[in-house]
Amino acid sequence: MNIEKNIKLWSSLGMRATFGLIAMELSKKYPDLMITTSDVSTSAGLDRYKNKYPEKFVDVGIAEQNLIGISAGLSSEGFKVISTTFAPFQTLRCCEQIKVNLGYMKNKICMVGLASGLVLGNLGFTHCCIEDIGVLRSIPNISIVVPSDPLELFKVLSGAINYKDSVYIRLTAGSNTRIVNSKDYKFEIGKAIEILPGKDVAIIGCGNILGECLEAASILKEKKIQCSIVNMHTIKPIDKEKIKNIAKNNKLIVTVEEHNVIGGLGTSVAEVMSSDRNNCKLVRLGINDFYSSGGSYEYLKNIYGLSVEKIIQTVLSNL
Amino acid sequence: MKINSLKNFAKNMRKNIIFTAFKAGSKSAHIGGALSATDIIAVLYSGIMKIKKSKTIDNDRDRFILSKGHACLALYSALVEKKILKKKELETFEMDGSALLGHPIMNKLSGIEFSTGSLGMGLSLGVGVALAAKKKKKSYKTYVVLGDGECNEGSIWESILSASHFKLDNIVIIVDRNKFQQTGQNSSIMDLKNLKNKFKSFGCETTEIDGHNIEQIYKTLIDIKQNNKPKVIVANTIKGKGFKLFENNNNWHHSVISKSIYREILKEL
Amino acid sequence: MKNKKKYIEIFTKSLSIDTKKFNEKIKYNDVPEWDSIGHMTLMSELEDGFDISIDTDDIIEFSSFKKGIQILKKYKVD
């Protein structure tokens, strides 16, 4: 598979449709792959996969508790299972099943949460998800990875399918995602990546919102402020060394995520920083623990300070 | 004669159950619900399921899932009678760091398929396991024991819908219908009404039997036909069955067996 | 259309259609490969092949081979 040729196409398709294409590739490689869903094949880009590999596809209908139970049962019998539905239903509706089956019993499953964050804002907050990272972080034996763009999703899925623990893969943005990684690169679960070098200020982000961060950084560069940008795709296990290093070498860290500032990336960074003496201020950008009125993705990002302008303002006002 | 050996197995299970509960002392134990399920589990382990002690996991074994995990004393007792667990291990019940706790902890080599206890989850796992058998074209059967109170959980009905939809005729679900749940009778907490009809309407081949008639349990289980439907057996039972002091007395849902009570109930065996 | 040969080539390549069996009357969803994913692949290849950037509205309007010819004219592809 020619990675770089696919970057443009995958970005226009968005994470969900790319997931469908990646599933086709994974199925060729893993004969014991099983994809399970709760009546969301089309929304997950899985129609082609479903038609080509019906024996490797299980739709349990709109029943997320059963989705996890059946997936865990299949996993216990040796299948490599990827379950998927929209993020709030994938993580919250069946949270206890995730705790007991994946956390406690360690039946390994990759869970792909579709359209997490704010992208479905015009459907209201029942379909947005700003709580998933916070909730899952408190369950042992589950890793949490937030790919920044479809190319990273390909790398995450390829790594997650053989990873030792269950992995929750959080997809953000819709079609026409921003391209964060324009070239092929080395990826490892648990290892954050500096995608732009800088000094004094570090922006640590996860998910496609890193696209906004990159744009903000290039405007700040014109104002002679050189922020570094770090892609902290893995929230758990968090890259402690990287955070300690950044805190040692910067005056300001701004975390950026389409998630509640309570419980997500920002909180994870704060936890690591708090155990060291350092001279670094941490500002957490994200959803400030309230549900706003609904609207478009851009409208919501603006409300929660996640637009390019607001990221720039945050950096400037905290320097 | 086969039926006598099954009855004996059940009797020994009851001995083990009260022995273990007594040893647990003030930590107390779920007694009533284990005793109501004993005859069903006895027949499964001594007469029906393909299961035995082995050094490695036998992928062709029949799977048993105790979805009503709090009845684990019945499971542990059956595993002891089957010589998969040692009788000595029952003395570690509910002790610090023990492998035998008040709800089962997954250990497939010890015959414990999953860590159940949070009600409503075991059946879903069973559906996954039965589905795996179909996909791998394996002939093992999956047996799941549910509590009737457990059928309050919506997740049970999600599982039943799917078992029927996937035409899983390799799963047998037995409901221990002792008509009680934690704080009282089903009929006053959350009435299940006609449970047999409910399962039937969900597309299951359903029968209703006396859950303490060993012969009837055996004949029902041995006679199961393959016909694209999951099988449900609603077994009418008595909570605490086997000891007059415990029978239909919901105080023995989760309680302590004192020395004097132990002496008294031993006489009934 | 001057670029018809190239246009057909991009179509058959993106949608994995046998050149010998290609029919200019082809519409979206006529073949399994021209599903929503196939469509985006086709758009991407057309953009690369003709060095243009197609608007979202036109991507949605692009419902057949023939309609495509009209749309491409907007981007000075003839």
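Read the figures in this text as sums done on the coordinates, not as results from a lab. Treat the numbers as computed from the prediction; the structure is a model and nothing was measured. No Cβ is skipped: glycine too gets one built from the backbone with ideal geometry, and neighbour counts run over all protein chains shown.
Can you say what percent of the DSSP beta bridges in chain B, counting only those with both residues inside, are antiparallel? Round to 5.
Values: 4 of 26 bridges.
Approximately 15 percent, going by the DSSP bridge assignments.
Using the per-residue mean of other Cβ atoms lying within 10 Å as a proxy for protection, in what order, highest first, do the peptides B:116-125, A:119-128 fall? List each step's numbers first, then the result.
On the way: B:116-125: 27.5, A:119-128: 17.9.
Final packing ranking: B:116-125, A:119-128.
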Would you work out which of A:VAL135, A:ASN260, A:THR314 lies farthest towards the positive end of the dipole of chain A, given +1 charges on the beta-carbon of Lys and Arg and -1 on that of Asp and Glu, about the Cα centre? A:THR314
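Around B:VAL256, what is the net charge, scoring Lys/Arg as +1 and Asp/Glu as -1 over all other residues with Cβ under 15 Å from its Cβ? Could you put the intermediate results ahead of the total?
Values: positive: B:LYS23, B:LYS27, B:LYS259, B:ARG263; negative: B:GLU94, B:GLU264.
Charge balance near B:VAL256 sits at +2.
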Centroid-to-centroid separation of region B:154-233 and region A:216-233 [C-alpha atoms, Å]: 62
Listed residue (A:SER83, A:VAL156, A:ILE62) projecting farthest to the positive dipole end of region A:3-170, Cβ model: A:VAL156
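Evaluate the Kirkwood expression for the hydrodynamic radius of region B:2-266, namely the inverse of the mean inverse distance over all pairs of different C-alpha atoms, and round to one decimal in Å. Don't jump to the answer; show the numbers that get you there.
On the way: mean 1/r = 0.0547 Å⁻¹.
Taking every pair of different Cα atoms in region B:2-266, averaging 1/r and inverting gives 18.3 Å.
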Can you pull out the trypsin sites (Lys or Arg not before Pro) in region B:177-269 whose DSSP state is coil and whose Cβ has at most 16 other Cβ atoms within 10 Å? B:LYS193, B:LYS225, B:LYS244, B:LYS267
Residues other than B:GLU150 with Cβ under 12 Å of its Cβ, Lys/Arg counted +1 and Asp/Glu -1, net out at -1
Would you mind pulling out the separation of the Cα centroids of region B:12-38 and region C:1-23, in Å? 75
State the extension gain, in nm to one decimal, for the chain segment bounded by B:THR56 and B:TYR262, taking 0.36 nm per residue of separation less the distance between their alpha-carbons. 70.4 nm
Going by how many other beta carbons lie within 10 Å of each one, how would you line up B:THR38, A:THR234, A:THR267, fewest first? A:THR267, A:THR234, B:THR38
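Compute, for region B:1-127, the length of the dipole vector about the Cα centre, with Cβ point charges of +1 (Lys, Arg) and -1 (Asp, Glu) only. Units Debye, rounded to 20.
Details: 20 positive and 10 negative charges, 103 e Å.
Roughly 500 debye for region B:1-127.
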Once you charge only the Cβ atoms, +1 for Lys and Arg and -1 for Asp and Glu, what is the size of the charge dipole of the protein assembly as shown about its Cα centre, to the nearest 20 debye? 2160
Note down the net charge around B:LYS219, summing +1 for each Lys or Arg and -1 for each Asp or Glu among other residues with Cβ under 12 Å from its Cβ. -2
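Of all DSSP beta bridges located in the protein assembly as shown, what percent are antiparallel, nearest 5? Don't skip to the end; give the middle numbers.
On the way: 11 of 72 bridges.
Restricted to the protein assembly as shown, the bridges split so that about 15 percent are antiparallel.
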Looking at region A:257-319, which trypsin sites (Lys or Arg not before Pro) are in a loop (DSSP not H, G, I, E or B) and have at most 11 other Cβ atoms within 10 Å? A:ARG277
Using the count of nearby Cβ atoms within 10 Å as a rough guide to exposure, how do A:VAL261, A:VAL230 rank from fewest to most? A:VAL261, A:VAL230
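If each residue's Cβ is checked for other Cβ atoms within 10 Å, how do A:ILE130, A:ILE144 rank with the fewest at the top?
On the way: A:ILE130 26, A:ILE144 29.
Ascending number of Cβ neighbours within 10 Å: A:ILE130, A:ILE144.
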Helix by helix, which DSSP H runs in chain B go 27 Å or more along their axis at the Cα atoms and have an average Kyte-Doolittle hydropathy of -0.5 or more? B:2-24
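Only loop residues by DSSP count here, and only those with at most 12 other Cβ atoms within 10 Å; note down the GluC sites (Glu not before Pro) in region B:183-269 that meet that. Don't skip to the end; give the middle numbers.
Details: sites: B:GLU205, B:GLU208, B:GLU215, B:GLU247, B:GLU264, B:GLU268; in loops: B:GLU247, B:GLU268.
Here the sparse-neighbourhood loop sites are B:GLU268.
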Of B:TYR143, B:LEU101, B:VAL234, whose Cα points farthest to the positive end of the dipole of region B:2-266 (charges on the beta-carbon: +1 Lys, Arg; -1 Asp, Glu; origin at the Cα centre)? B:TYR143
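About its Cα centre, what dipole magnitude does region B:2-266 give when the only charges are +1 on Lys and Arg Cβ and -1 on Asp and Glu Cβ, stated in debye to the nearest 20?
Numbers: 42 positive and 24 negative charges, 190 e Å.
Dipole about the Cα centre, nearest 20: 920 debye.
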Percentage relative contact order, chain A, counting C-alpha pairs under 8 Å, at least six apart: 17
Return the inverse of the average 1/r over all pairs of distinct C-alpha atoms in the protein assembly as shown, which is the Kirkwood hydrodynamic radius, in Å to one decimal. 27.8
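Using the Kirkwood radius built from alpha carbon pairs, what does the Stokes-Einstein equation give as D for chain A at 37 °C and 0.692 mPa s, in µm² per second?
Values: Rh = 19.5 Å.
Reported coefficient: 168 µm²/s.
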The rounded separation in angstrom of the Cα centers of region A:77-149 and region A:237-270 is 21
In deg cm²/dmol, rounded to 500, what helix-only [θ] at 222 nm does chain C give when every DSSP H run of at least 4 residues adds -39500 (n - 2.57) and the total is split over its residues? -16000 deg cm²/dmol
